[in-house]
């Protein structure tokens, strides 16, 4: 088995994603979305580091961009859901 045929750390990423989705539905949507976004950012970093294995069906650049944007969006959205009353005026002052 070559290094391209190994799974690498992706079972841990899958377990983290399942935990994040279950946390969204059963516990707290804010922290579940934060956990899911964080797992996606870790997956983007691992893909940047060269891990691909069985899941590398797209280019590395595509994976990094999509996972990074989706993870950043989920983390940002979860922070606004949790701390929106504090963050919203700061962002409005920054762009206003």
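Please treat every number below as a calculation from the coordinates, not as lab data. The model shown is predicted, which means the values in this text are computed figures rather than measured ones. As a convention, Cβ positions derive from the backbone with ideal geometry for all residues, glycine included, and neighbour counts pool all protein chains shown.
Computed from Cα atoms, the angle from the helix 10-26 axis to the main principal axis of the chain rounds to 30 degrees. The alpha-carbon atoms of the range 3-95 define a convex hull whose volume equals 92 cubic angstrom per residue. Among 28-39, 78-89, the peptide with the highest mean count of other Cβ atoms within 10 Å heads the list, and the full ranking is 28-39, 78-89. Tell me, what is the percent relative contact order of the range 3-95, built from C-alpha pairs under 8 Å that lie six or more residues apart? After rounding, I find 31 percent.
Every helix of 4 or more DSSP H residues in the chain counts as -39500 (n - 2.57), and over all residues that averages to -27000 deg cm²/dmol at 222 nm.
Computed from Cα atoms, the angle from the helix 29-48 axis to the main principal axis of the chain rounds to 40 degrees. In the chain, the longest principal axis of the Cα atoms and the axis of helix 60-95 are about 10 degrees apart. Quick one: if the Förster radius is 25 Å, what FRET efficiency do residue 18 and residue 94 give, using the C-beta to C-beta distance and rounding to 0.05? For R0 = 25 Å, the calculated efficiency reads 0.10.
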